[in-house]
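K.L.:
Have a look at this one before I ask anything.
The values are calculated or read from the model by the stated rules, or taken from the named source; none is laboratory data. No experiment lies behind these values; they were computed from the predicted model shown. Heads up, the Cβs are rebuilt from the backbone with ideal geometry, glycines too, and the neighbour counts pull from every protein chain shown. Side chains are part of the model used for accessible areas, which takes the heavy atoms of the whole protein and leaves out ligands, DNA and RNA. Shrake-Rupley method; radii C 1.70, N 1.55, O 1.52, S 1.80 Å.
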Amino acid sequence: MENLWNDTEAGKQQDILAERVYSSRLLGANPNLVLHGGGNTSVKGVSKNIFGENEGTLFVKGSGSDLATIEAKDFVAVRLETMQKLSRLESLSDIDMARELKLASLDPNAPAPSVEAILHALIPYRFVDHTHADAIVAITNTADGGARIREIYGDEVVVLPYVMPGFDLAKLCAEVIPDLVKPRTIGMVLMNHGIFSFGATAKESYERMIALVGRAEDYLNKNAPLVPAAAIEHAANWFELPELRKKVSAAAGFPMLLRSNAGSATLAFARQPNIADISQRGPATPDHVIRTKRLPMFGRDVDAYAQAYKDYFEKNSKQAKQPLTMLDPAPRVIIDAEFGLISAGRTARDTQIVEDIYLHTQDIILRGEMLGGYRALGEAELFSMEYWDLEQAKLKKAGAPKAFAGEVALVTGAASGIGRACVQSFLNRGAAVVGVDVNPAVVSLHGTRADYLGIAANLTSLEAVKGLLEQTIRHYGGLDMLVLNAGIFPGGKKISALADDEWRKVMAINLDSNLAMMREAHPLLKAAPRYGRVVVIGSKNVPAPGPGAAAYSASKAALTQLARVAALEWGADAIRINLVHPNAVFDTGIWTEEVLAQRAAHYGMTIGEYKRNNVLHEEVSSKDVAELTAEMCGVLFSKITGAQIPIDGGNDRVI
Ligand code: ZN
């Protein structure tokens, strides 16, 4: 395990909180120690209150932050004395504890302190580091895990049995304080959960963590060495995945995204001879159940999975003190011999997190098997984590999801103008968006974010169309909304001078490629959980053509007719297809200031007058068209298909 400590960097930190931030980030930088918000850290110091008195203070990670990116403001200052007093209570429910932790905070606007705050307060060292290190979890999730931990660490760590994080765990820790202060003790292992290290300085605590986990890794490398899987070529038919997504979404009761990982490691794992057994023993650590559910789905029988989940809820919820709200019974992890690892979620970010967690889980399971058998906690313990009071309270507080949460939109011509604005409008509504353009800039136009996939492709190639749909499926599981926007507008040319080549080029891009997109996307749209929607970006030139634009006008008119026929043919599949006819949208690439000035002068107008030369005297922007396009995929248009809507500020030839 690599020690990332750098004395020069550490020396730049101004105070203990800055040091705490520095070394927390070092932990967060290693996914084998800390994954997506797991783990927490603290430091004990002093703060001055409004009366000018010094108060012992625990600065502990607030909930919702991630050690990899944590900042000083993400640490909550809580009264140390109150923490210690709370630990002496006989019992305390988790809801009451969460309230008391908030009350003990020195800033009412700070995030909620970690549920492990009391435990951190009790550990009699200034710096406390806690991770869910893979190596510790792998070793403790075996039949003789406790003995192995003893063998590795001797009396240098205190070992606690598994207890749910929160008040009970803090109470248990209070009992072992005499062991924690022994000179040889440098850490504490929590079975099936993780490890604590502590020290007088940030460096001491961090380096102990690295040393302790490093010893566990060495033990694993000797006794359960992981060999990289041999290269496996996947042979999945990805066009079957949208059907699976439809079933998963039906079980959930809302649309879900599916993300696939068909790397050699996941395929090899999915093809383990005993996969049906080892995949069904439970998660590596209980805090994963909130993201991954207790068990992955092995195979494709979603109904059976959902029924088993309902049975599990029925059986275990009987023990609960108050009525529980059942979570949706859809799987979050699917293991499939052809697709490899599939992760499901309401947002692209969720699917990415689930995938990361399970990639680590696979290795932990394989190593557990080499150590005599992977084991997880029992069903009841995992259930109490999944249906923890604090998690149930979160559910009640959660607001309504965004309009297109769990859905996928594909926009062509997405690198500029209306297409680019459409991408933003769909992202804003919670969709995962695939932006396609012949311009390679489309790939990095929105930075790196899980909910955007940019693909550079030439839509006049059928292979390219099929390829980009396959990429869409592998990233997000299917397609719900298609925006056909790509097109070209060649310079004005009279019919008398229009060459066959130019005519064919305009038709190939503005018409033929859209036929290919529609035909190839049809099975995906048909399998969309809330049914497919298509919006075609037409043109004012369809109802009101102008001289000098024969090829463009004819291509858009033919495209309109194609869309109208699709509306008739696809109604039986509940796919809606509507058109917008924009005009005079000037914030696009083709309208430079120079061209605008020329056109305005041609009509004897100012640029402003020229831009608003319509019935309403309103300027029409790309964003206006994009927002209308997105709304046409929403509930407002749920009973409309085959419609054509002009968006042009009112045009007397169209009206
Ligand atoms: Zn923990």
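K.L.:
Going by the structure shown, is LEU172 in the same structural domain as HIS120 (by TED's automatic domain parsing), surrounded by fewer than 18 Cβ atoms within 10 Å (Cβ to Cβ) and within 16 Å of the ligand (Cβ to nearest atom)? Explain how you work it out, then say what you get.
P.N.:
Details: in the same structural domain as HIS120 (by TED's automatic domain parsing): yes; surrounded by fewer than 18 Cβ atoms within 10 Å (Cβ to Cβ): yes; within 16 Å of the ligand (Cβ to nearest atom): yes.
Here the answer is yes, as LEU172 does meet what is asked.
K.L.:
Being at pLDDT 95 or above, touching a Pro at 6+ places or on another chain (Cβ under 7 Å) and not aliphatic (A, V, I, L, M) narrows it down to one residue among GLY430, GLY413; which is it?
P.N.:
Values: GLY413 fails: touching a Pro at 6+ places or on another chain (Cβ under 7 Å).
Residue meeting the stated conditions: GLY430.
K.L.:
Could you figure out which of (1) of a type outside the set (Lys, Arg); (2) open to solvent by less than 20 Å² (accessible area, probe 1.4 Å); (3) in contact (Cβ under 8 Å) with a residue 40 or more places away in the chain isn't true of GLY187?
P.N.:
The single condition GLY187 does not satisfy is (3).
K.L.:
Out of all the residues in the range 42-58, is one or more in the same structural domain as PRO113 (by TED's automatic domain parsing), within 16 Å of the ligand (Cβ to nearest atom) and crowded, with 18+ Cβ neighbours inside 10 Å?
P.N.:
Step one: of the range 42-58, the residues in the same structural domain as PRO113 (by TED's automatic domain parsing) are 42-58.
Adding the requirement that they be within 16 Å of the ligand (Cβ to nearest atom) leaves 42.
Now restrict to residues that are crowded, with 18+ Cβ neighbours inside 10 Å: 42.
Checked against the condition, which is being in the same structural domain as PRO113 (by TED's automatic domain parsing), within 16 Å of the ligand (Cβ to nearest atom) and crowded, with 18+ Cβ neighbours inside 10 Å, the range 42-58 yields at least one hit.
K.L.:
I've got another one for you. Quick check on the range 115-159: of everything there that is within 13 Å of the ligand (Cβ to nearest atom) and acidic (Asp, Glu), which residue is nearest to ILE186 (Cα to Cα)?
P.N.:
ASP129
K.L.:
Under 6 Å between Cβ atoms, which residue pairs at least 6 apart in sequence (or on different chains) link something in the range 433-457 that is polar (S, T, N, Q) with a partner that is crowded, with 18+ Cβ neighbours inside 10 Å?
P.N.:
As it stands, the answer is ASN439/ALA415, since those pairs meet every condition given.
K.L.:
Under the condition of being among the polar types (S, T, N, Q) and surrounded by 15 or more Cβ atoms within 10 Å (Cβ to Cβ), which residue from the range 86-116 is nearest to SER42 (Cα to Cα)?
P.N.:
Checking each candidate, the answer is SER114.
K.L.:
Let me ask another. Is it the case, given these coordinates, that GLN319 is outside any helix (DSSP H, G or I), of a type outside the set (Val, Ile, Thr), surrounded by fewer than 20 Cβ atoms within 10 Å (Cβ to Cβ) and touching a strand residue (DSSP E or B) at 6+ places or on another chain (Cβ under 8 Å)?
P.N.:
Values: outside any helix (DSSP H, G or I): yes; of a type outside the set (Val, Ile, Thr): yes; surrounded by fewer than 20 Cβ atoms within 10 Å (Cβ to Cβ): yes; touching a strand residue (DSSP E or B) at 6+ places or on another chain (Cβ under 8 Å): no.
Against the criterion (outside any helix (DSSP H, G or I), of a type outside the set (Val, Ile, Thr), surrounded by fewer than 20 Cβ atoms within 10 Å (Cβ to Cβ) and touching a strand residue (DSSP E or B) at 6+ places or on another chain (Cβ under 8 Å)), GLN319 does not qualify.
K.L.:
As an exercise: evaluate HIS132 against (1) free of Cβ contacts under 8 Å to residues at least 40 places away in the same chain; (2) open to solvent by 10 Å² or more (accessible area, probe 1.4 Å) and give the number of the one condition it does not meet.
P.N.:
Failing condition for HIS132: (1).
K.L.:
Right, another one. Looking only at the range 560-581, which residues are under 28 Å from VAL615 (Cα atoms) and open to solvent by 20 Å² or more (accessible area, probe 1.4 Å)?
P.N.:
Filtering the range 560-581 down to residues under 28 Å from VAL615 (Cα atoms) leaves 560-561, 563-564, 577-581.
Across the range 560-581, the qualifying residues are GLN561, ARG564.
K.L.:
Please state which one of ASP363, ASP328, ASP277 is more than 16 Å from the ligand (Cβ to nearest atom) and over 30 Å from LEU453 (Cα atoms). So that I can check it myself, show each step before the final result.
P.N.:
Working: ASP363 fails: over 30 Å from LEU453 (Cα atoms); ASP328 fails: over 30 Å from LEU453 (Cα atoms).
Being more than 16 Å from the ligand (Cβ to nearest atom) and over 30 Å from LEU453 (Cα atoms) holds for just one of ASP363, ASP328, ASP277, which is ASP277.
K.L.:
For the condition open to solvent by less than 30 Å² (accessible area, probe 1.4 Å) and under 30 Å from PHE586 (Cβ atoms), what is the one hit in ALA330, ALA431, ALA348? Even if it seems obvious, please write down each step before you answer.
P.N.:
Numbers: ALA330 fails: under 30 Å from PHE586 (Cβ atoms); ALA348 fails: under 30 Å from PHE586 (Cβ atoms).
The match here is ALA431.
K.L.:
Residues in the range 595-604: is at least one touching a residue at least 12 places away in the same chain (Cβ under 8 Å) and not assigned by TED's automatic domain parsing to the domain that holds GLY634? Even if it seems obvious, please write down each step before you answer.
P.N.:
First, pick out the residues of the range 595-604 that are touching a residue at least 12 places away in the same chain (Cβ under 8 Å): 596.
Subset that is not assigned by TED's automatic domain parsing to the domain that holds GLY634: 596.
Within the range 595-604 (the criterion being touching a residue at least 12 places away in the same chain (Cβ under 8 Å) and not assigned by TED's automatic domain parsing to the domain that holds GLY634), the answer is yes, since at least one residue qualifies.
K.L.:
Let me ask something else. Restricting to the range 323-377, give me the number of residues that are over 19 Å from the mean Cα position of the chain (by Cα), charged (D, E, K, R) and under 20 Å from VAL34 (Cβ atoms).
P.N.:
Summing the residues that are over 19 Å from the mean Cα position of the chain (by Cα), charged (D, E, K, R) and under 20 Å from VAL34 (Cβ atoms) in the range 323-377 gives 2.
K.L.:
Please tell me if ARG504 is more than 28 Å from GLY548 (Cα to Cα), in the same structural domain as ALA421 (by TED's automatic domain parsing) and among the basic types (Lys, Arg).
P.N.:
Working: more than 28 Å from GLY548 (Cα to Cα): no; in the same structural domain as ALA421 (by TED's automatic domain parsing): yes; among the basic types (Lys, Arg): yes.
In short, no.
K.L.:
Given the residues GLU207, GLU217, GLU156, GLU175, which is the only one that is at pLDDT below 95 and either out of contact with any strand residue (DSSP E or B) (no Cβ under 8 Å at 6 or more places or on another chain) or over 30 Å from VAL302 (Cβ atoms) (or both)? Before the answer, list the steps.
P.N.:
On the way: GLU207 fails: at pLDDT below 95; GLU217 fails: at pLDDT below 95; GLU156 fails: at pLDDT below 95.
Answer to the selection: GLU175.
K.L.:
Further, regarding this structure: Quick one: would you say LYS556 is open to solvent by 30 Å² or more (accessible area, probe 1.4 Å) and not β-branched (Val, Ile, Thr)?
P.N.:
Details: open to solvent by 30 Å² or more (accessible area, probe 1.4 Å): no; not β-branched (Val, Ile, Thr): yes.
For LYS556, the condition - open to solvent by 30 Å² or more (accessible area, probe 1.4 Å) and not β-branched (Val, Ile, Thr) - is not met.
K.L.:
Then there's this: So which residues in the range 582-613 are open to solvent by 50 Å² or more (accessible area, probe 1.4 Å), of a type in the set (A, V, I, L, M) and over 21 Å from SER553 (Cα atoms)?
P.N.:
The answer is ALA601, MET605, ILE607.
K.L.:
May I ask you to say which residue of LYS246, LYS222, LYS203 is part of a helix (DSSP H, G or I), touching a Pro at 6+ places or on another chain (Cβ under 6 Å) and more than 16 Å from the ligand (Cβ to nearest atom)? Steps first, answer last, please.
P.N.:
Values: LYS222 fails: touching a Pro at 6+ places or on another chain (Cβ under 6 Å); LYS203 fails: touching a Pro at 6+ places or on another chain (Cβ under 6 Å).
The unique qualifying residue is LYS246.
K.L.:
Can I ask one more? Let me spell it out: the conditions are (1) more than 26 Å from ASP134 (Cβ to Cβ); (2) touching an Asp or Glu at 6+ places or on another chain (Cβ under 9 Å), and TYR305 meets all of them except one. Which number is the exception?
P.N.:
(2)
K.L.:
Moving on to the next point. Condition first: under 30 Å from the mean Cα position of the chain (by Cα), open to solvent by 40 Å² or more (accessible area, probe 1.4 Å) and charged (D, E, K, R). Can you find one or more residues in the range 527-536 that meet it? Let's see the steps before the verdict.
P.N.:
Going through the range 527-536, the residues under 30 Å from the mean Cα position of the chain (by Cα) turn out to be 527-536.
Right, trim to open to solvent by 40 Å² or more (accessible area, probe 1.4 Å) and you get 530-531.
Keeping just the survivors that are charged (D, E, K, R) gives 530.
Yes - at least one qualifying residue is present in the range 527-536.
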